């Protein structure tokens, strides 16, 4: 397998087959909380993709170049979360300065990207799978892209669900989770794309 | 200062701590009421054993970090607060992860990255913000204990449904007749991600239907 095809395989498997939200259950909070409208979902997806790509790359470098060479891997989690927290702070300041209306509509969810498991989860999976540097960059970017894709589809479905007659007890989170279950079944079809 | 602290603890040792403890068990149950910490809820509940381990680990981290945050609460201000919460939590998660690797290596392998992911469990940081940074130590301790036990209870409910339907067993021991699995009546989909979403959605609907105040 040449290195280009292996990068493509990593991309497809992160974005579709091992989708962060639907198969790894990462980033469920924003998936349920911010997916009420497509435009908000898209904004959230972009912010998360940006943070994931940067922090996936940085944590790979810190983990492989610094921590492993001085034998202090047990500080891994603390180092990862520091990188993510500072990246989110950066995005928050940028959005507040240049897109004030978007900033207002996110409310509490923007600082909460820090506690978005999708980001820390991606960094941990990259470490677990022992990816190489380029693969790590591609994997984290694809993970963010997959998150954006799924949360936007969900936003579209939920915009239409507003017109449906949902039983009272299931309104809100209940019906969203059941929709997610059906979406997961659909995404299982992608798992045949890569063999061997 | 010292006497003030003592008085506060004395006052808190009684009813306040108890109300906080009970509230966490059901009234403000993390999973069914507040919808916090959903990632592990969906990811580790395919079987009951990992669900129990996860619940206990989360309760450990929750209790330790809430107590420590409460001890530091007079020193924490402004923006640095959240960072200190996260660092405290990350420290205790590292301890829990190393303990699991040492004493339950199989379980640690099975749970994989979901143990370190306790760091970003919104339940823990939410409790640190809402309770640990405001209330005295005893109250925070019991609040965290109640919340953690409520969370474990929720995980176990979900795992019971999923393991029973998928494998016909509870805690790995068969409870349904062998024919259930042998002749393929079992719902394999319950083990898969789709089953997790479906079960949680339906359980949330049921809890709303029966318990929601009008």
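Can you give the Rg to Rh ratio of the range A:70-196, both from alpha-carbon atoms, with Rh computed by the Kirkwood formula? Provide the component values of the computation, followed by the final result.
Values: Rg = 18.4 Å, Rh = 17.8 Å.
Reported Rg/Rh, Kirkwood definition of Rh: 1.03.
Averaging sequence separations of C-alpha pairs under 8 Å and six or more residues apart, then dividing by the length of the range B:65-138, give the relative contact order as a whole percent.
Details: 54 pairs, mean separation 42.2, N = 74.
That works out to 57 percent.
On average, how many beta carbons from a partner chain sit within 10 Å of the beta carbon of a residue in B:118-127?
4
Between residue B:99 and residue A:6, with labels modelled 7 Å along Cα→Cβ, what's the label distance in nm to one decimal, could you check?
Label-label distance for residue B:99 and residue A:6, simple model: 4.0 nm.
Under a 10 Å cutoff between Cα atoms, tell me which one of A:120, A:20, A:90 has the largest fluctuation in the Gaussian network model of chain A.
Fluctuation is largest for A:90.
Report the normalised scattering of the protein assembly as shown as log10 I(q)/I(0) at q = 0.06, 0.07 Å⁻¹, calculated by the Debye formula with identical scatterers on the alpha carbons.
Values, matching the q order: -0.24, -0.33.
Grab the DSSP H runs of chain B that are 4 residues or longer, score each as -39,500 (n - 2.57), total them, divide by all residues and round the 222 nm result to the nearest 500 deg cm²/dmol.
When only DSSP H runs of four or more count, the value is -20500 deg cm²/dmol.
Suppose the Debye formula is applied to equal point scatterers at every Cα of the range B:66-108; what is log10 I(q)/I(0) at q = 0.16 Å⁻¹?
-0.51
Using alpha carbons only, how many degrees (0 to 90, rounded to 10) separate the axis of helix B:48-72 from the longest principal axis of chain B?
The answer is roughly 10 degrees.
Return a whole-number percent for the relative contact order of the range A:19-164, with Cα pairs under 8 Å and 6 or more residues apart as the contact set.
It rounds to 49 percent for the range A:19-164.
Using 0.36 nm per residue of separation minus the Cα-Cα distance, give me the extension gain between residue A:68 and residue A:132 in nm, one decimal.
Working: separation 64, 0.36 × 64 = 23.04 nm, distance 1.44 nm.
Computed gain between residue A:68 and residue A:132 is 21.6 nm.
Express in whole angstrom the spacing between the alpha-carbon centres of the range B:99-125 and the range A:68-104.
After rounding, the separation between the Cα centres reads 22 Å.
For chain A, set up a GNM with springs between Cα atoms under 10 Å and report which of A:24, A:76, A:97 has the largest fluctuation.
A:97
Give me the distance in nm between label points sitting 7 Å out from Cα along the Cα-to-Cβ direction at residue B:175 and residue B:19, one decimal.
3.6 nm
Compute the projected area of the convex hull of the Cα atoms of the range B:16-211, averaged over all viewing directions, and report it in nm² to one decimal place. The partial results should precede the final answer.
Values: hull surface 47.4 nm².
Averaging across all directions leaves 11.9 nm² for the Cα convex hull.
What number, rounded to the nearest 500 deg cm²/dmol, is the helix-based mean residue ellipticity at 222 nm of chain A, given -39500 (n - 2.57) per DSSP H run of at least four residues and division by all its residues?
That comes out to -21000 deg cm²/dmol.
Counting alpha carbon pairs within less than 8 Å and at least 6 residues apart, what relative contact order, in whole percent, applies to the range B:16-211?
For the range B:16-211, the relative contact order is 36 percent.
Kindly express, to the nearest 10 degrees and within the range 0 to 90, the angle between helix B:2-11's C-alpha long axis and the longest C-alpha principal axis of chain B.
40 degrees
Taking only Cα atoms and a 10 Å spring cutoff, compute GNM fluctuations for chain B and point out the largest among B:22, B:82, B:124.
B:82
If you average the C-alpha positions of the range B:153-210 and of the range B:24-58 separately, how far apart do those two centres end up, in angstrom?
Cα centres, the range B:153-210 to the range B:24-58: 15 Å.
Based on the Cβ-Cβ distance of residue A:46 and residue B:80, what FRET efficiency does E = 1/(1 + (r/R0)^6) give at R0 = 22 Å, to the nearest 0.05? Don't skip to the end; give the middle numbers.
Values: r = 28 Å, r/R0 = 1.28.
Using R0 = 22 Å, I get an efficiency of 0.20.
So what's the angle, to the nearest 10 degrees on a 0 to 90 scale, between helix B:80-103 and the longest Cα principal axis of chain B?
For helix B:80-103, the angle is close to 50 degrees.
To the nearest whole number, what is the average tally of beta carbon atoms from other chains within 10 Å of the beta carbons of peptide A:174-186? Spell out each step's value before the answer.
Working: counts 10, 3, 3, 13, 8, 2, 8, 12, 3, 2, 8, 7, 1.
For peptide A:174-186, the averaged partner shielding equals 6.
Each value in this text was obtained by applying a stated rule to the coordinates, not by laboratory testing. Since we're looking at a predicted model, the values are computed, not measured. Positions of Cβ are backbone-derived with ideal geometry, glycine not excepted, and every protein chain shown enters the neighbour counts.
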